[in-house]
Each structure stands twice: as structure tokens, then as C-alpha cells.
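Engineer: Let me give you the structure first, and then I'll get to my questions.
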Amino acid sequence: MRVTCEVVAGETHDLDLPDDAVYGDVIRAVGFSEHEAAVLVDDSPVPEDAPVAVERVRLLRLVQGGDGEADTVAAADAGTSAAEAFALLGEPTRFAILRAIWETETPTSFSEIRDAVGTGDTGRFNYHLGKLRGEFVRKTESGYELRQAGVEVVRAVLAGVVNEAPERDPEPIGATCPAPDCEGDLVVAYDDHATVTCGTCDTVWMDNEFPPAGVTGRDAPALARALDRWTRHRSLLAFDGVCPACASETAATVEETERGTFLERVCGHCGHASRAPLWALALHHPEVSGFLHEHGVEVADRPFWEVAAVDAETTATDEGFVCRFSLDGGTLRVTLDGDGAVVRTERDD
Ligand SMILES: [Zn+2]
Ligand SMILES: [Zn+2]
């Protein structure tokens with residue numbers, strides 16, 4: 001049979017193979033060993049011992065050079081697709097290897113990793129370690145260590161994002177709804193997102209992606225507090241123009257809704273979105289936090305739903321948006337631009 005094999009970031013080979021050839025024969029026919037390369041069909045790796053069933057394949061080199069010194073990585077340099085990268089992890093031993101290296105925190109020797117993983121079959125172990133080298137693991141003179149992608153995989157699994165799905169039914173958090181004339185009980189719930197809502201008027205006071213690891217071991221008030229901290233700190237990044245998920249740039253849009261004026265920041269790279277009332281973006285300005293402090297409101301300590309009880313009215317003007325904070329007869333007017341940056345503050349006491 002004739003098979004065309006395109007080496008990713010390399011040459012294309014027309015191969016003449018026996019009719020009962022397996023994908024491992026393709027790797028060898030191109031001049032690599034099975035430890036150095038994976039065959040991709042429709043962008044997914046196929047087992048080396050499976051019979052060749054297509055006329056065209058791609059070959060992804062995982063490691064170049066057989067002496068173990070130079071990890072020239074075709075995969076990373078050619079821009080491994082996410083599907084290829086995840087497919088490399090489709091084997092439990094490979095995650096066990098990443099975790100074993102991660103736990104040592106320093107470059108680790110071949111035998112230390114093998115002992116930690118607890119496999120008796122050195123050949124199989126070597127094969128799986130070889131598959132990880134390049135994208136996830138690198139070998140230096142002092143041993144094996146994780147590359148950033150390997151660290152991210154271990155962290156994602158430890159945070160439970162990949163393999164756990166706890167759910168929590170709504171439970172009271174011991175706080176009252178700040179909506180005017182409501183006074184309902186606030187409840188926290190979890191289902192991938194953590195939310196704090198009012199059980200009476202249904203207003204959503206906070207809603208955010210939250211790692212499952214943060215749910216475990218926390219009662220309702222503690223979960224609500226952790227959600228508040230998590231959301232506020234990450235939003236600060238987003239509203240500062242840096243995506244909290246991928247560190248790319250975020251762009252701002254102002255939305256006028258029935259519930260007030262909101263600013264949304266969306267990442268141009270990964271689509272992560274953060275949304276907050278415009279007045280909340282003014283809270284960290286020293287004039288604003290100082291004014292609130294004088295009137296007994298500690299912005300930094302209080303959860304958002306308590307700060308939201310502050311009377312803050314927003315109106316659009318030629319200059320931007322004016323948020324008017326009124327407390328005990330004192331008023332602070334804060335002008336923000338369309339990016340949520342404070343332009344000016346004025347006090348009338
Ligand atoms: Zn309410
Ligand atoms: Zn992003």
C-alpha cells in the first residue's frame with residue numbers, strides 16, 4: 001500500500017508499505033523510533049500496533065536526538081495543537097509521571113520518577129516518559145523537570161477543574177440582600193460556577209467560575225467569602241486590562257441595563273469575561289475608599305454584597321460616567337471613563 005506521511009514541520013514522504021503494515025511501520029519507514037514520534041490521523045494519535053487504515057497521516061516528532069542531551073522539540077516549535085497535546089496525556093501513567101516530577105520540585109532522575117510511579121516495566125515507563133518529553137517535560141543535565149505546560153496540567157487536575165464536579169444546593173450565608181426594600185436571605189450555590197443570590201428577589205450578586213478544590217471543606221459562609229475574594233482579586237486584573245485566565249489583553253464595553261451601568265471586560269485571546277457595576281470599579285480609588293472609610297464602610301474587608309448596600313447612582317455625561325456615592329449627608333461624585341478608569345472626584349460635605 002502507498003501511504004503519504006507528512007512530518008509536522010518537516011518533509012513529506014511517499015511510502016511503499018506491506019499491506020498488513022501497522023502505524024509503527026510508518027514511523028520506522030520515515031526513519032524514527034516509536035519513542036521519538038507519534039502518528040496522527042485527523043489530528044489524533046493512533047496506536048503504533050494498529051493496522052494502517054488511511055492513505056495519508058501526519059507524524060509528530062516528540063524528541064529529536066537519541067542521546068538524551070538535547071531536547072529539541074519539534075512539537076513545541078511547530079505549535080502543537082491542543083488536541084495533540086491533550087492526546088499525549090490520554091494514558092494514566094503519563095499523568096502519574098508528571099505528578100511525580102512535580103512533587104519533587106527539583107530536577108528528578110529517571111529512576112526516582114520510575115520508583116515514584118511504581119511501574120516495574122522499565123521499557124513501558126521509558127516509552128511514556130519519551131512521549132511527554134518535549135511538550136510537558138524537559139531533560140536537563142541535572143535531571144527531568146516539568147515545562148510550563150506540564151505544571152499547568154498538574155495544577156488543573158489538583159484544582160479539580162478536570163476530574164471533579166461537586167455540586168452544592170443553595171444554602172444561606174447569614175447575610176441580607178442589599179437590594180432596596182428586599183431584606184431577603186442571601187444563599188450560595190455551586191455547580192461549576194459559584195453564585196451568591198437573593199432567595200427572595202433572585203438578584204444575582206456574584207457569579208463566577210470557581211475551582212472545585214475551593215468548594216471542598218468550606219461551609220456556606222466560608223464558600224461565599226472565598227468566592228468574594230476570588231472574584232474581586234481576579235476582576236481587578238481583568239479591569240486593569242490583563243486577562244486573569246491567560247494574561248492577554250482585555251477590552252472594555254459599557255452596558256446600560258435596568259439594574260444600572262455595567263462595565264464588561266472581555267479577553268481578545270481566550271474570551272474570558274468579567275462584568276461589574278461601574279461604581280464598583282471606583283471603590284479602589286483612594287478618594288473613594290477614604291470617603292467610605294470615614295462613613296464606616298471598609299471596602300477591603302467587606303464582601304461585595306455588603307458594599308453594594310452603599311447608595312451609588314450612575315449617570316452618563318459628556319465627560320463619561322458619574323457615580324454619586326451618598327452617605328450620612330456627605331456626597332462624593334466620581335467620574336469614570338469608558339474603560340472604567342477614574343478621571344475626577346468631587347466631594348460636597
Ligand atoms: Zn433580594
Ligand atoms: Zn484570556
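Every number here is computed from the coordinates shown, using simple stated rules; none is lab data. Small disclaimer: the values here were computed from a predicted structure and weren't measured. Positions of Cβ are backbone-derived with ideal geometry, glycine not excepted, and every protein chain shown enters the neighbour counts.
Engineer: Calculate how steeply helix 220-239 sits against the longest principal axis of the alpha-carbon atoms of the chain, using the helix alpha-carbon long axis, and give the answer as 0 to 90 degrees to the nearest 10.
Structural biologist: So the helix axis and the longest Cα principal axis differ by about 80 degrees.
Engineer: Still on this structure: In degrees from 0 to 90, rounded to the nearest 10, what is the angle of the helix 148-158 Cα long axis to the longest principal axis of the chain?
Structural biologist: So the inclination is approximately 60 degrees.
Engineer: Could you compute the net charge surrounding R275? Neighbours are other residues with a C-beta less than 10 Å from the C-beta of R275; K and R count +1, D and E count -1.
Structural biologist: -2
Engineer: Shape verdict for the chain, please, from the Cα gyration tensor: rounded (a/c under 1.5), prolate (a/b greater than b/c) or oblate.
Structural biologist: Prolate, because a/c is 1.5 or more and a/b exceeds b/c.
Engineer: Right, next: Can you grab the distance from the C-alpha centre of segment 225-263 to the C-alpha centre of segment 156-178, Å, no decimals?
Structural biologist: 20
Engineer: Further question on the same structure: Taking Cα atoms, how many degrees apart are the long axis of helix 122-132 and the longest axis of the chain, rounded to 10 and kept between 0 and 90?
Structural biologist: Computed tilt is about 50 degrees.
Engineer: Using only Cα atoms, what is the ratio of the radius of gyration of segment 142-246 to 2.2 N^0.38 Å?
Structural biologist: Working it through for segment 142-246, the quotient is 1.29.
Engineer: Tell me, in nm to one decimal, what length is gained between E34 and Q148 on full extension, where the rule is 0.36 nm per residue of separation less the Cα-Cα distance?
Structural biologist: 38.6 nm
Engineer: At a Förster distance of 45 Å, what's the computed FRET efficiency of E313 paired with A165, Cβ-Cβ distance as r, to 0.05?
Structural biologist: Approximately 0.65, to the nearest 0.05.
Engineer: Treat each spin label as a single point 7 Å out from the Cα along the C-beta direction, and report the C201 to V54 distance in nm.
Structural biologist: 5.7
Engineer: Quote the relative contact order of the chain in percent (integer), defining contacts as alpha-carbon pairs under 8 Å separated by 6+ residues.
Structural biologist: For the chain, the relative contact order is 8 percent.
Engineer: Follow-up. Mind checking the dipole of the chain: about its Cα centre, +1 per Lys or Arg Cβ, -1 per Asp or Glu Cβ, Debye to the nearest 20?
Structural biologist: 700
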